[in-house]
1. Looking at segment B:15-50, which of its residues are hydrophobic (A, V, I, L, M, F, W, C) and closer than 19 Å to A:Val50 by Cβ?
2. Quick check on segment B:15-31. Is at least one of its residues at pLDDT 95 or above, more than 22 Å from A:Lys65 (Cβ to Cβ) and in contact with a strand residue (DSSP E or B) (Cβ under 8 Å, 6 or more places away or on another chain)?
3. Take the residues in segment B:38-51 that are buried (at least 19 other Cβ atoms within 10 Å of the Cβ) and at the interface with chain A (Cβ under 9 Å from one of its Cβ atoms), then tell me which one is farthest from A:Ala45 (Cα to Cα).
4. Scan segment B:122-177 for residues that are more than 10 Å from chain A (Cβ to nearest Cβ), touching a Gly at 6+ places or on another chain (Cβ under 8 Å) and either closer than 14 Å to A:Gly32 by Cα or part of a helix (DSSP H, G or I) (or both) and jot them down.
5. Considering every residue within segment A:42-65, establish whether at least one is within 14 Å of another protein chain (Cβ to nearest Cβ) and farther than 30 Å from B:Gly17 by Cβ.
6. How many residues does segment B:150-177 hold that are loosely packed, with under 15 Cβ neighbours inside 10 Å and farther than 19 Å from B:Gln122 by Cα?
7. Could you tell me whether segment A:75-95 includes any residue that is more than 7 Å from chain B (Cβ to nearest Cβ), modelled with pLDDT of 90 or more, over 30 Å from B:Ser23 (Cα atoms) and surrounded by 11 or more Cβ atoms within 10 Å (Cβ to Cβ)?
8. Identify the single condition in (1) within 9 Å of another protein chain (Cβ to nearest Cβ); (2) assigned to a helix (DSSP H, G or I) that A:Lys10 does not satisfy, given that it satisfies every other one.
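The values are calculated or read from the model by the stated rules, or taken from the named source; none is laboratory data. What you see is a predicted model, and the numbers here were worked out from it, not measured in a lab. Neighbour counts run over all protein chains shown; Cβ positions are idealised from the backbone, glycine included.
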Amino acid sequence: MSNKNEENLKGLFEKFSDPAEAEKMTEDIRRGEEILRRHPAPQPADTLIVDIKAKVSQAALRQRKINLYRKLAYRMVAAAAVIIVLVSITTKLVEKNKPEKSVTASAGSKMIWDDTDLTTLTTEIEQAEEDILALNTDQNGNGYKETELTELEINVTEISSNFWKG
Amino acid sequence: MTKSDDLARIIIGCKNGDSECFSQLVDIYAGRCYGYFYRMTGNKEVSDDLLSELFVRVVEKIGSQKGGSFEGWLFKTASNIFYDYLRDKQRQKKLFELEGNQPEIKSAETERLEDDEIDKLQKQLKRLDMDTKELIMLRFYSELSFKEIAAMRSEPIGTTLSKLHRGLKKLRELMEQ
């Protein structure tokens, strides 16, 4: 700390005026301050100092409590911020996982119930049934072999079981 | 340990809320701050109150004192307290007048007794304007450099130098009359 006792007053005045004027101004200040030194102000009474120290001690205690509550409040705010961040991260992670599951499920069902396969199988079953019906009709009139009929029935059963297997 | 190291230790203690350090701070600065208040107000009772208020405010606000000169901060706080007192006094005076009360008229005897209590310097200081008087007292009691005082008053150093020179010269002339 640079106090007035270490200050080069003349050097300071010389920045704003010529050296002779600076010398005179420095002397004016020195003599003015000498008057103040010759007329000291009264000192505070001892009882006042004791009273101030008591007040200061109480104020310091009050201030310590305030600072403690303030620190506590800051810590609570920090903890709340951490909790909020953690909750938001967790929520995001959960949300991120949810769509993936639904995509898998729909993909699975798509694999089992594909429309094109279903149509093909239905068409094949219908075709086989028509053949059986035709054979039954022909058996009565044209005399088809019994083995051909059995073969067709086996085909129908196979197609039907394939259909349910997917 | 040097004097400034000692002061730095006390200030750190105060910032940590140590009552003993505040007590030491009162011992170091009470005299100078009281001198400042007394020369500004010319009244011992008022100076007592302002000094108490100053140290309580120091306890409350010392946490906001960061860097710079502690004495600069302390005397800036003292100056603020003095001007708060002055404004309050003006408000009370106006309120008193609005209520239709006559200001208290001091008897010649009371005035003579009060004048006996205050010294010649205090009488002559009343003849200076408030700004010049405050500058002289700040310089004398805070022991701050012109650079610090100029920074505290938010004015160029040349202005501070010139005002203080004029003020002290006038005070000397008044005292020599």
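1. Within segment B:15-50, B:Cys21, B:Phe22, B:Leu25, B:Val26, B:Ile28, B:Ala30, B:Cys33, B:Phe37, B:Leu50 qualify.
2. no
3. B:Arg39
4. Scanning segment B:122-177 gives B:Leu128, B:Thr132, B:Lys133, B:Leu135, B:Ala151, B:Met152.
5. So far as segment A:42-65 goes, yes, one or more of its residues are within 14 Å of another protein chain (Cβ to nearest Cβ) and farther than 30 Å from B:Gly17 by Cβ.
6. Result for segment B:150-177: 4.
7. No, every residue in segment A:75-95 fails to be more than 7 Å from chain B (Cβ to nearest Cβ), modelled with pLDDT of 90 or more, over 30 Å from B:Ser23 (Cα atoms) and surrounded by 11 or more Cβ atoms within 10 Å (Cβ to Cβ).
8. Just one mismatch for A:Lys10, condition (1).
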